[in-house]
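Structure first, commentary second.
The values are calculated or read from the model by the stated rules, or taken from the named source; none is laboratory data. None of these values were measured; they are calculated from a predicted model. Note that we place each Cβ from the backbone using ideal geometry, even for glycine, and neighbour counts take in every protein chain shown. Protein only, heavy atoms only, side chains kept; ligands, DNA and RNA dropped before computing areas. Shrake-Rupley method; radii C 1.70, N 1.55, O 1.52, S 1.80 Å.
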Amino acid sequence: MQKWGSILIAAMLMALPLTACEEENQQATSRLDVVKERGKLICGVEGGIPGFSFVDSNGKYSGIDIDICKAVAAALFDDLNAIEYRNLDSTERFTALNGGEVDMLSRNTTWTISRDTTVGLEFAPTTFYDGQGMMVRADSGVKSLEELKGKSICVEAGTTTELNLTDNLRQRNVEAETLTFQQADPAYAAYADGRCDGMTSDKSQLLSRRSTLPNPEDHIILDVTMSKEPLGPVTKNNDSAWFDVVKWVTYALIEAEELGITQANVDDLKQNSDDPTIKRFLGVEGDLGEGLGLSNDFVYRVIKQVGNYGEVYNRNLGENSQFKLPRGINDLWTNGGLLYSPPFR
């Protein structure tokens, strides 16, 4: 009887709610520790947007979002290829992150208050400031959203784009048919096949996807911006150690450009610079990396292997890419843009 009584008491104790201390102990293991022990980063991406996140027929990934993943891997493992990519559509990305299927998202994801709060996400610095646009056929005669009245528009489900479209049409008193798709590929395929008169998404995505259409010059992007779309990497909420790593690796790309540190000169500056800011930034002096749980030269690793933000932008979207997209607001604050890093000190 005493034995069964002890078992019953133990079972009742197990059923009791966890104390704050016990909950804290269960949450003590950061994703940072999990990733380090695993030896590779699992990065959730889109995989179908040239310039941002695209996988070619040989399985090679490229784009700004991909380079963010590579920068984090370089900081962690001194190996930008220590990554497993997971292609996620817009409806499954947050579930995959919150469920631990991926360590982070670098997947053209817009920072909003509801995603930052009720969805349980943590947004690292914005890596591309965008806005929603509309693509139509050049010979359609459509020059404004108002002229889409009575026509059909393709949009991807589970995105800010869907709500923004509804709001903008409502504000303009425009009635149009909305064709919703769970994934981007079928949405663009439907537009290409003529099943809808317009295709709406972030302007950068429209520009990128237009390049994959059979005759890109047959399509135009209207001169209208329907929203603000700050895009950047995302981690799960309530894990400050892991979030800090992703956050400061992203800032390192921006700060490196401002300091004039590139892939080509980072070795020379690390060895020969007398500037205390640069010495501290590259880990020659101080222990900034240690505070993040990284090597003190984590920034050097990132810039040596991936480059600074300007280099990342230029090869994927800018002057060294097929898009030749001007920096605009995605330039440094010192050049009139919005990119700005807190001090590394």
Thr29 meets each of (1) more than 22 Å from Arg209 (Cβ to Cβ); (2) open to solvent by less than 10 Å² (accessible area, probe 1.4 Å); (3) modelled with pLDDT under 95 with one exception, condition (2)
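Quick grid of which residues meet (1) in contact with a Phe, Trp or Tyr (Cβ under 6 Å, 6 or more places away or on another chain); (2) open to solvent by less than 50 Å² (accessible area, probe 1.4 Å):
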{"residue": "Trp248", "(1), (2)": "no, no"}
{"residue": "Ile254", "(1), (2)": "yes, yes"}
{"residue": "Asn265", "(1), (2)": "no, yes"}
{"residue": "Asp275", "(1), (2)": "no, no"}
{"residue": "Gly293", "(1), (2)": "no, yes"}
{"residue": "Val302", "(1), (2)": "no, yes"}
Scan region 325-336 residue by residue and report those that are assigned to a loop (DSSP other than H, G, I, E, B) and either in contact (Cβ under 8 Å) with a residue 40 or more places away in the chain or hydrophobic (A, V, I, L, M, F, W, C) (or both). Leu325
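Is it true that Gly133 is small (Gly, Ala, Ser) and modelled with pLDDT of 95 or more? Outline the logic, then answer.
Values: small (Gly, Ala, Ser): yes; modelled with pLDDT of 95 or more: yes.
Judged against the criteria, Gly133 is a match.
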Scanning region 132-189 for residues that are in a helix (DSSP H, G or I), touching a residue at least 24 places away in the same chain (Cβ under 8 Å) and hydrophobic (A, V, I, L, M, F, W, C) gives Ala138, Leu145, Leu148, Leu165, Leu169, Ala184, Ala187
Among the residues of region 269-303, how many are without any contact (Cβ under 8 Å) to a residue 60 or more places away in the chain and over 19 Å from the mean Cα position of the chain (by Cα)? 24
Six or more apart or on different chains, Cβ under 8 Å: which pairs go from a residue in region 78-92 that's closer than 25 Å to Thr159 by Cβ to one that's part of a loop (DSSP other than H, G, I, E, B) and of a type in the set (Ser, Thr, Tyr)? Could you list them? Ser90/Thr159
Could you please find all residues in region 60-103 being part of a loop (DSSP other than H, G, I, E, B), out of contact with any Gly (no Cβ under 6 Å at 6 or more places or on another chain) and of a type in the set (A, V, I, L, M, F, W, C)? Leu80, Ala82
Across region 203-222, the tally of residues that are under 25 Å from the mean Cα position of the chain (by Cα) and surrounded by fewer than 11 Cβ atoms within 10 Å (Cβ to Cβ) stands at 0
Residue check for Thr118: surrounded by 14 or more Cβ atoms within 10 Å (Cβ to Cβ), out of contact with any Leu (no Cβ under 6 Å at 6 or more places or on another chain) and either of a type outside the set (Phe, Trp, Tyr) or not in a loop (DSSP other than H, G, I, E, B) (or both): no
Evaluation of Gly133 against (1) more than 18 Å from the chain's Cα centre (by Cα); (2) of a type in the set (Gly, Ala, Ser); (3) open to solvent by 10 Å² or more (accessible area, probe 1.4 Å) (one fails), failing number: (3)
